[in-house]
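This report concerns only the one structure given below.
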Amino acid sequence: MTDDTEQQPQSDPREEPFVVDTNLLTEDQLEGLVEEYCTRYHGINDVESPFNEKQQVMTAVKKGELVVWFNPVENTAGLGPRQ
């Protein structure tokens with residue numbers, strides 16, 4: 001009997017998304033991520049002002065409730081919950 005996991009290609013850990021310490025980002029970078037998060041979840045057409053929750057989102061980032069994820073394969077960053 002063979003182990004099926006041996007036949008599965010191993011994922012490269014360098015390609016896995018990881019959390020970036022917010023202390024490594026400038027305020028402008030962090031603010032850009034917060035704005036992107038607000039528009040992504042509220043859309044520019046869904047609500048009158050998607051940036052109304054900007055301060056709440058920034059507070060969640062400062063508390064660690066939302067973290068900055070970096071995807072090295074796509075070379076992108078965004079906010080999301082800690083996993």
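The values are calculated or read from the model by the stated rules, or taken from the named source; none is laboratory data. These figures come from a predicted structure and were not determined experimentally. Virtual Cβ from ideal backbone geometry, glycine too; neighbours counted across all protein chains shown. For the accessible areas, the whole protein counts, side chains as well, though only heavy atoms, and no ligand, DNA or RNA atoms are used. Shrake-Rupley method; radii C 1.70, N 1.55, O 1.52, S 1.80 Å.
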* Using beta carbons and a limit of 7 Å, which pairs, at least six apart or on different chains, have the first residue in the range 55-83 and in contact (Cβ under 8 Å) with a residue 12 or more places away in the chain and the second one assigned to a loop (DSSP other than H, G, I, E, B) and open to solvent by 100 Å² or more (accessible area, probe 1.4 Å)? -> Gly64/Arg82; Val67/Arg82
* To do: Filter the helices (runs of 4 or more DSSP H) completely within the chain down to those with at least 1 residues that are at pLDDT 85 or above.
  => 27-46, 54-63
